[in-house]
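Below is one structure, written out as structure tokens; comments come after it.
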Amino acid sequence: MALLLACAKKVKILDSLVRQGRWAEAKKVQKPMGSIYGQTLGIIGCGAIGRMTARKAQAFGLKVFGYDPYVEKWLARRTALRW
């Protein structure tokens, strides 16, 4: 999530310009600054880290989609065992 926010808010570029004392250029680079609210985030791998990232992303207003080929197999085996 930190990397996603850093990219959206141009943290690295702005940090570099401000450290060099290039304030005017930094002010120009700020616009347009992206918003992540309402954007879509795709997560590959829905293990513990993927699920935790999805919860945090939803708190920022992101639409989250996940893919994990093992989840379908696990659910199929678990459902078969119940019957």
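The values are calculated or read from the model by the stated rules, or taken from the named source; none is laboratory data. These numbers were taken from a predicted model, which means no experiment stands behind them. With ligands, DNA and RNA removed, areas are computed over all heavy atoms of the protein, side chains included. Shrake-Rupley method; radii C 1.70, N 1.55, O 1.52, S 1.80 Å.
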Entry for semi-axes √(5λ) of the Cα gyration tensor in Å (calculated from the structure that is shown) out of [x] 35, 14, 10; [y] 41, 11, 8; [z] 26, 17, 7: [y]
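Between CYS46 and ASP15, 0.36 nm times their residue separation minus their Cα-Cα distance comes to what? Mind showing how you got there, number by number?
On the way: separation 31, 0.36 × 31 = 11.16 nm, distance 3.31 nm.
Stretched out fully, the CYS46 to ASP15 stretch lengthens by 7.8 nm.
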Calculated from backbone phi, Karplus (6.51, -1.76, 1.60) coupling profile of region 42-53 in Hz, x at Gly/Pro: x, 10, 9, x, 10, x, 4, 5, x, 5, 5, 5
Average accessible area per residue (Å²) across the chain - probe 1.4 Å, nucleic acids and ligands excluded: 83 Å²
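Calculate the translational D of region 13-53 in whole µm² s⁻¹ from Stokes-Einstein, where the hydrodynamic radius comes from the Kirkwood formula applied to all Cα pairs, the temperature is 25 °C and the viscosity 0.890 mPa s.
Details: Rh = 13.1 Å.
Roughly 187 µm²/s, to the nearest whole number.
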Candidates GLY42, GLY21, GLY34, ranked by Gaussian network fluctuation over the chain, Cα under 10 Å, top entry: GLY21
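Would you work out what percent of the accessible area of region 1-57, with all protein chains in place, is carbon or sulfur (probe 1.4 Å)?
64 percent
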